[in-house]
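Take a look at the structure set out below.
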């Protein structure tokens with residue numbers, strides 16, 4: 001039986017060539033004007049002359065040259081005018097969100113939560129587009145994840161913390177289903193028991209860690225095991241029915257499992273048992289090295 005899914009053509013633009021197109025202020029202006037053009041909530045193609053006027057360029061030949069350079073890579077031409085291709089949309093959104101240009105730093109500010117290790121108050125910092133929550137006394141790490149600078153514009157610490165938690169949770173849901181949140185390729189996992197952690201993971205939260213990686217776009221990050229396990233398709237229904245707060249609380253306060261209760265039941269092949277307690281019920285989930293659920297037991 002033939003495969004019904006068949007890619008008719010694979011094409012790509014060399015990265016150096018694509019990014020070289022952006023080293024011109026007028027071309028960036030064209031992308032921004034096409035992205036800003038809306039009719040209601042839908043993108044509106046812009047005819048040549050209207051686009052030229054929006055970009056405030058009097059020389060029609062010069063404008064046409066730079067517009068043609070963008071065609072087929074970031075811009076498309078239709079009968080109604082010019083619009084953005086998907087790569088152009090992604091680039092437009094990144095520019096508007098200041099993803100490439102913002103260098104905001106926020107000095108330590110208090111977090112209304114206690115450290116699970118010593119009970120002291122947590123504090124958060126923001127630099128290099130990374131929000132970090134850790135204990136001000138023992139420096140135990142409670143949370144670390146990238147956060148777009150747009151979240152900082154509110155100047156509201158509670159809104160920033162909530163945005164960081166929601167943003168990270170969105171990616172956890174995706175990763176738990178083996179999909180890369182950056183490029184949508186397949187995500188792979190490596191469960192690392194506490195006694196096997198390398199120096200790269202030495203400052204991670206206690207208990208087993210999970211290293212997630214995408215072989216296509218090279219996306220790479222780590223989480224603790226219960227943190228991602230609650231979103232696993234075999235576990236999520238139990239959590240949603242018995243402990244929905246784990247899906248809505250701030251991530252550094254949502255304790256799905258005591259790290260000391262997690263046990264390595266087998267080494268070769270690796271089996272790690274995680275007991276999840278909720279509302280008088282317990283679901284014990286056993287996973288292998290690849291984060292595949294090999295057994296569940298409910299009490």
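In this structure, does residue 294 turn out to be surrounded by fewer than 16 Cβ atoms within 10 Å (Cβ to Cβ), part of a strand (DSSP E or B) and in contact (Cβ under 8 Å) with a residue 12 or more places away in the chain?
Here the answer is yes, as residue 294 does meet what is asked.
Restricting to the range 265-290, what's the tally of residues that are part of a strand (DSSP E or B) and under 29 Å from the mean Cα position of the chain (by Cα)?
14
Within the range 251-261, is there a residue that is touching a strand residue (DSSP E or B) at 6+ places or on another chain (Cβ under 6 Å) and surrounded by fewer than 17 Cβ atoms within 10 Å (Cβ to Cβ)?
So far as the range 251-261 goes, yes, one or more of its residues are touching a strand residue (DSSP E or B) at 6+ places or on another chain (Cβ under 6 Å) and surrounded by fewer than 17 Cβ atoms within 10 Å (Cβ to Cβ).
Please return the ranges of strands (runs of 3 or more DSSP E) entirely within the range 133-219 where 1 or more residues are at pLDDT 90 or above, touching a strand residue (DSSP E or B) at 6+ places or on another chain (Cβ under 8 Å) and within 23 Å of residue 245 (Cβ to Cβ).
The strands (runs of 3 or more DSSP E) meeting that bar are 141-146, 209-214.
May I ask you to list pairs of residues, at least six apart or on different chains, whose Cβ atoms are under 7 Å apart, with the first in the range 92-107 being within 15 Å of residue 28 (Cβ to Cβ) and the second being in a loop (DSSP other than H, G, I, E, B)?
94/100; 97/148; 99/148
Looking at the range 26-47, can you tell me whether even one residue there is more than 30 Å from residue 129 (Cα to Cα) and in contact with a helix residue (DSSP H, G or I) (Cβ under 7 Å, 6 or more places away or on another chain)?
yes
Taking the conditions exactly as written (under 17 Å from residue 292 (Cβ atoms) and either loosely packed, with under 15 Cβ neighbours inside 10 Å or in contact (Cβ under 8 Å) with a residue 24 or more places away in the chain (or both)), does residue 168 satisfy them or not?
Judged against the criteria, residue 168 is not a match.
Here's the yes/no breakdown for (1) loosely packed, with under 13 Cβ neighbours inside 10 Å; (2) in the same structural domain as residue 289 (by TED's automatic domain parsing); (3) over 30 Å from residue 64 (Cβ atoms); (4) touching a helix residue (DSSP H, G or I) at 6+ places or on another chain (Cβ under 7 Å):
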position: 85; (1), (2), (3), (4): no, no, no, no
position: 105; (1), (2), (3), (4): yes, no, yes, no
position: 117; (1), (2), (3), (4): no, no, yes, no
position: 123; (1), (2), (3), (4): no, no, yes, no
position: 129; (1), (2), (3), (4): no, no, yes, yes
position: 141; (1), (2), (3), (4): no, no, yes, no
position: 151; (1), (2), (3), (4): no, no, yes, yes
position: 172; (1), (2), (3), (4): no, no, yes, yes
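Suppose we filter 119, 81, 61 for residues that are on the phi > 0 side of the Ramachandran plot and free of Cβ contacts under 8 Å to residues at least 12 places away in the same chain; which single one remains?
Answer to the selection: 119.
The values are calculated or read from the model by the stated rules, or taken from the named source; none is laboratory data. Please read these numbers as outputs of a predicted model, since none were measured by experiment. Cβ sites come from the backbone with ideal geometry, for glycine too, and all protein chains shown count toward neighbours.
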